[in-house]
Amino acid sequence: MRTLLLGSGGRESAMAWALSRSKVVSDLIAAPGNPGIGQLASCTDVSATDPEALLELAGHIKAELVVIGPEAPLIAGVGDDLRQAGLKVFGPSARAARLEGSKSWAKEVMARAGVPSARARTFAEVEPAIAFMDELGPPYVVKADGVAAGKGVVVTEHRDKAIDAIEERVVRRAFGEAGTKIIIESYLVGQEVSLIAFTDGRVVIPCDPAQDYKRALDGDRGPNTGGMGSYSPVPSCPGDLAAAAATEIIEPVVRSLADDGIVYAGAIYAGLILNDEGTQVLEFNARLGDPETQALLPRLAGDFGELCLACADGDLAGMEPAWREEACVDVVIASAGYPGPSAGGVVIEGVGDAAAVPGVEVFHAGTAVDDGELVTSGGRVLSVSALGPSFEGARALAYEAAGCIHFEGSYMRSDIGLQPSEDESLLRSRRAHPALGATEAAEPDPQQRRTVMRES
Ligand code: GLY
C-alpha cells in the first residue's frame with residue numbers, strides 16, 4: 001500500500017519508522033519529512049498544510065493511505081480535502097479536530113459526554129474573567145481557546161501574572177485569533193498521564209499509557225516546552241486504570257461526536273490527571289503525542305500501518321494490538337535557547353554512534369542537511385528512544401546513546417524515566433527484603449508524583 005505520511009517532527013519520524021516496518025506499507029512517501037524520515041521514506045518538498053499541493057502529490061504517487069501526524073493540517077481540514085478526493089486518511093476531520101483546536105468546544109463536548117474535567121468558563125472580556133479567576137483562587141489557570149504552539153497555557157500562583165496573561169491574550173492579542181477567547185479553569189492536582197487511543201469513530205483501542213515531561217529542566221523546573229522526553233508504560237497508571245479511562249472518557253467523547261455526525265478516524269489523545277477523586281481530563285488532542293509517540297511505537301508489537309488503515313477504513317473492531325513488556329525511555333536533545341528561538345545550522349555529530357547502541361532508535365525532529373552535513377533546524381533536534389527490560393535499563397541505554405550525540409549548545413534533561421526507575425529499585429528492595437517496614441519500602445504512591453505546574 002502506497003502510504004503518504006504528513007509532517008516533519010520527532011513524532012512523524014517515529015511514525016515513519018513504524019510504518020516502514022509494516023507489512024501493509026509497500027512504499028512510504030513523506031511530505032515534507034526530515035533527514036531521519038528520509039532514511040526510511042522518499043521525502044518531498046510539499047508542505048503538510050497545503051491541500052492543493054498534497055492532492056496533486058497524492059495523485060502523482062497514487063497514494064492509497066494518507067497518515068497525518070501534526071495537528072495543524074488536521075485542524076485546517078487537510079484530511080477532509082483528501083477524503084473528499086477519495087483517499088483513505090488516518091486523522092480526524094476538521095470538525096473532530098476542534099477537540100484540540102478549541103478548548104471551549106472541547107469543554108462543551110466533555111460536558112455533553114459526561115466526562116470529568118476541571119471547572120471552567122470561557123471569556124472574551126477581561127473583567128469577568130478576573131472575577132471568575134478570583135472565585136476559583138490560586139493556582140490560576142489561563143488558557144487560550146485555540147492552538148498557540150504549546151504556549152497558550154499559563155498556570156501561576158501569582159494573581160498579577162494571571163491578569164497579565166488574560167490581558168496578553170484578550171487585549172494585546174499576543175496569540176492572534178487563537179487567544180482572543182480564553183478559558184479560566186480550576187487547577188487540577190495529581191499525576192499527569194497521556195492516554196492515546198486509536199479509533200475509527202466507533203471502536204476505541206487504547207495504547208498503553210505514556211508520560212511526558214513538559215518543563216525544560218530537571219525536576220520539572222524551567223519554562224514549558226513541547227516535551228523534553230517521555231516514557232511508557234506508566235507503572236502508576238496500570239492497565240485496568242487505563243482501560244477504565246478509555247471506557248469512561250475516550251469512548252463517550254467519540255460516541256458523542258458520532259451522535260453529532262462527526263466521525264473520528266485517527267488517534268485521540270487524552271491528557272489525564274489522576275488523583276484521589278479519580279481521573280479527570282486536562283485536555284484532548286486530535287493526534288498522537290510528541291514525544292509520547294517516540295516511547296510508544298517502539299513498544300507496539302502489532303502493525304502500526306494496519307492500525308492506521310483500520311482507523312481510516314472504519315474497520316478497527318477485532319484488532320488487538322499488543323504492547324511489548326519492555327520499558328521505553330525517550331530523551332529529547334534540544335538546541336540552546338529552546339523553548340525560545342534557537343539558531344539553526346549547527347553541525348550535529350554522533351547520530352550514527354547513538355543509533356548503533358542496541359535497543360536504541362534515533363528519531364529526527366529539528367534537523368536538516370546542509371552541504372552534506374547534518375545540522376540543527378529547530379528547538380527540539382533529536383529524540384533518542386531506548387527499549388530495555390526495565391526502566392533502569394532503558395534509561396541507561398537512552399542516555400548512553402544520547403551521550404554520543406554532540407552539537408554546540410545542545411542540552412537535555414537528565415531525569416527522564418528516573419521516577420519509574422527509582423520505583424523499580426524500591427520494589428526490588430522490598431522483594432529482596434520482605435521484612436522491611438512499609439515506610440522503608442512502600443509501594444510507590446502515584447499521588448506523590450510529578451504534579452506539573454504549567455507556569456510560563
Ligand atoms: N506531549 C504533549 C503533546 O503532544 O501535546
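The values are calculated or read from the model by the stated rules, or taken from the named source; none is laboratory data. Source: prediction; values computed, not measured. So basically every Cβ, Gly included, is an ideal-geometry build from the backbone, and we count neighbours across all protein chains shown.
Things to note:
- When region 227-246 is filtered for residues that are touching a strand residue (DSSP E or B) at 6+ places or on another chain (Cβ under 8 Å) and either away from the ligand (no atom under 14 Å from the Cβ) or at pLDDT below 90 (or both), the ones remaining, listed by number, are PRO233, SER236, CYS237, LEU241, ALA242, ALA243, ALA244, ALA245, ALA246.
- Selection status of ARG221, among the charged types (D, E, K, R), under 19 Å from the mean Cα position of the chain (by Cα) and on the phi < 0 side of the Ramachandran plot: no
- Residue satisfying condition, being within 16 Å of THR199 (Cα to Cα), out of contact with any strand residue (DSSP E or B) (no Cβ under 7 Å at 6 or more places or on another chain), more than 16 Å from the ligand (Cβ to nearest atom) and assigned to a helix (DSSP H, G or I), within set ALA310, ALA317: ALA310
- Single residue of region 1-47 satisfying the filter (surrounded by fewer than 24 Cβ atoms within 10 Å (Cβ to Cβ) and among the basic types (Lys, Arg)) that is nearest to MET228 (Cα to Cα): ARG21
- Residues located in region 292-304, provided they are of a type in the set (D, E, K, R), away from the ligand (no atom under 16 Å from the Cβ) and surrounded by 24 or more Cβ atoms within 10 Å (Cβ to Cβ): none
- The single condition among (1) in contact with a Ser or Thr (Cβ under 7 Å, 6 or more places away or on another chain); (2) touching a residue at least 40 places away in the same chain (Cβ under 8 Å) that GLY344 does not meet is (2).
- All conditions in (1) among the aliphatic types (A, V, I, L, M); (2) within 16 Å of the ligand (Cβ to nearest atom); (3) farther than 23 Å from GLY278 by Cα; (4) at pLDDT 95 or above hold for ILE130, with the sole exception of (2).
- Residue within region 207-218 that is small (Gly, Ala, Ser), in a loop (DSSP other than H, G, I, E, B) and either in contact (Cβ under 8 Å) with a residue 24 or more places away in the chain or surrounded by fewer than 22 Cβ atoms within 10 Å (Cβ to Cβ) (or both) present: no
- Single residue of region 221-238 satisfying the filter (part of a strand (DSSP E or B) and not polar (S, T, N, Q)) that is surrounded by the most Cβ atoms within 10 Å (Cβ to Cβ): TYR231
- All positions within region 255-269 that are within 13 Å of VAL109 (Cα to Cα), in a loop (DSSP other than H, G, I, E, B) and in contact (Cβ under 8 Å) with a residue 24 or more places away in the chain: ILE262
- Flag if VAL193 is buried (at least 18 other Cβ atoms within 10 Å of the Cβ) and out of contact with any Phe, Trp or Tyr (no Cβ under 6 Å at 6 or more places or on another chain): yes
- For region 270-291, taking the residues that are under 13 Å from GLY101 (Cα atoms) and part of a strand (DSSP E or B), the one that is farthest from the ligand (Cβ to nearest atom) is identified as PHE284.
- Residues (in contact with a strand residue (DSSP E or B) (Cβ under 6 Å, 6 or more places away or on another chain) and farther than 13 Å from ALA310 by Cα) located in region 86-102: LEU87, PRO92, LEU99, GLU100
- Yes/no for ARG98 being basic (Lys, Arg), assigned to a helix (DSSP H, G or I), surrounded by 18 or more Cβ atoms within 10 Å (Cβ to Cβ) and touching a helix residue (DSSP H, G or I) at 6+ places or on another chain (Cβ under 9 Å): yes
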